[in-house]
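> Handing you this structure, nothing more for now.
The values are calculated or read from the model by the stated rules, or taken from the named source; none is laboratory data. Since this is a predicted model, take the numbers as computed values, not measurements. Reconstructed Cβ throughout: ideal geometry from the backbone, glycine too, with neighbour counts over all protein chains shown. The area values use the complete protein model at the heavy-atom level, side chains included, leaving out ligands, DNA and RNA. Shrake-Rupley method; radii C 1.70, N 1.55, O 1.52, S 1.80 Å.
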Amino acid sequence: MNQRTAEPATPVRNFTALFSSTPRGARLARLLGAEQLRSWGLPMDPARQVIAELAANAATHGRVAGRDFRLTFYVVADTLRIEVTDTRGERLPELQPPSPEAESG
């Protein structure tokens with residue numbers, strides 16, 4: 001008796017990569033993420049801006065020595081989900097109150 005496994009009705013594509021929590025890592029995440037979208041034949045904008053913002057936040061605000069961040073995205077049907085997470089959950093970044101002269105915080 002031959003059995004066939006059910007194939008998903010809609011194709012699921014995903015991409016995952018680790019990057020250093022540095023400005024260079026954030027830039028590389030943006031470039032590689034946009035290239036992956038292009039290779040799938042998907043529009044790069046506004047996803048490229050979302051990837052850039054999330055990666056820059058991970059490198060700037062979530063930076064902990066020895067901790068990389070992970071860029072993952074999934075495409076299911078017409079929906080793109082973009083995730084940026086750090087790779088270690090046992091320690092949170094230290095919160096520091098912004099100085100009065102700070103432009104962000």
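> Net charge near Arg30, counting Lys/Arg +1 and Asp/Glu -1 over other residues with Cβ under 12 Å of its Cβ?
Details: positive: Arg24, Arg27, Arg48; negative: Glu35, Asp45, Glu53.
Residues close to Arg30 contribute a combined charge of 0.
> While we're here: For segment 25-30, in order, what is each residue's ³J(HN,Hα) by Karplus, 6.51 cos²θ - 1.76 cosθ + 1.60 with θ = phi - 60°, in whole Hz (x at glycine and Pro)?
In residue order, the calculated couplings are x, 5, 5, 5, 4, 5 Hz.
> Would you kindly derive the ³J(HN,Hα) couplings of segment 16-23 from the backbone phi angles with the Karplus curve 6.51 cos²θ - 1.76 cosθ + 1.60 (θ = phi - 60°), listing them in order in whole Hz, with x for Gly and Pro?
Each residue's phi maps through the Karplus curve to give 9, 8, 9, 9, 5, 7, 9, x Hz.
> Then there's this: How far apart, in nanometres, would the label points at Gln49 and Arg70 be if each is projected 7 angstrom from Cα along the Cα-to-Cβ direction?
Each label point is offset 7 Å from its Cα along the Cβ direction, giving 2.8 nm.
> Between Thr85 and Ala17, what is the label-point separation in nm under the 7 Å Cα-to-beta-carbon projection?
2.0 nm
> Please name which of Thr16, Val64, Leu28 has its Cα lying farthest along the dipole of segment 13-91 towards the positive end, using unit charges on Cβ (Lys, Arg +1; Asp, Glu -1) and the Cα centre as origin.
Val64
> Using a 1.4 angstrom probe and counting only protein chains, how large is the accessible area of Glu35 in Å², to 10?
80 Å²
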